[in-house]
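Data block below; observations after.
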Amino acid sequence: MIQIMTKQSDSRKTDASPTQPSDTPSGLHGCPGDGLAGNRNQSNCGLLIIGYGNTLRGDDGVGPAVATALAALNLPGVESIACQQLSPEHAAALAFADKVVFVDAAMDPLPEVQLRRLEPDNTPQLLTHAAHPRMLLTLARDVFGHAPQAWMLTIPGSHFNFREHFSILAQRGVAEAVGTICALHRGAA
């Protein structure tokens, strides 16, 4: 099951809810699409953030860091997923979002955060245990009948070796990425 970080009030907690780790900035619950194929009216999300990357490989962990930072802000209508890699199961969460931003590290020589629009692939692709954003959009469209507006936000990095902290370049990128996504949420981007 995919875990989505979102604000969760005590009144919504039930015995069936997953336990909440003490180090998470907000509540965790299953994705809005679990078991709801074909019914987009239940548990819609305005903006879904999916930050992915390996948090043990230095700057590669910027995606999950951005997702966690945005979850801590408790923005209304925003849900965040932090994960090591994308998988086909993420398509269910996409189907219940109006907009999605995928956040990942980039090894590009450009030292700035890049935000670009994404569209679903024109043709279905063979599924594997790992996925890429356009394939997930295609899967959400073809299986659930809806692909949200989508963007890919990449953050430049310079240190991808085994370490659990970010380079200065990546630290600045995380802060800029959070600001960019907040602007998108407000409709300014």
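The values are calculated or read from the model by the stated rules, or taken from the named source; none is laboratory data. Everything quoted here is computed from the prediction, not taken from an experiment. Every residue, glycine among them, receives a Cβ derived from its backbone with ideal geometry; neighbour counts consider all protein chains shown.
Tally time: how many residues in the range 163-183 are of a type in the set (S, T, N, Q) and in contact (Cβ under 8 Å) with a residue 24 or more places away in the chain?
2
From LEU94, LEU36, LEU70, which residue is more than 30 Å from ARG163 (Cβ to Cβ) and either within 10 Å of the chain's Cα centre (by Cα) or modelled with pLDDT of 95 or more (or both)?
Exactly one of LEU94, LEU36, LEU70 is more than 30 Å from ARG163 (Cβ to Cβ) and either within 10 Å of the chain's Cα centre (by Cα) or modelled with pLDDT of 95 or more (or both), namely LEU94.
Which of the residues belonging to the range 56-88 are among the hydroxyl-bearing types (Ser, Thr, Tyr) and either in a loop (DSSP other than H, G, I, E, B) or touching an Asp or Glu at 6+ places or on another chain (Cβ under 8 Å) (or both)?
Within the range 56-88, just SER87 meets the criteria.
Taking the criterion of being closer than 19 Å to GLY173 by Cα, surrounded by fewer than 17 Cβ atoms within 10 Å (Cβ to Cβ), among the charged types (D, E, K, R) and modelled with pLDDT under 95, would at least one residue in the range 16-31 satisfy it?
no
Pairs only if they're at least six apart or on different chains, beta carbon under 8 angstrom, first in the range 138-162 and acidic (Asp, Glu), second not in a helix (DSSP H, G or I); list them, first residue then second.
ASP142/PRO124
Which count do you get for residues in the range 107-118 that are of a type outside the set (Lys, Arg) and modelled with pLDDT of 95 or more?
4
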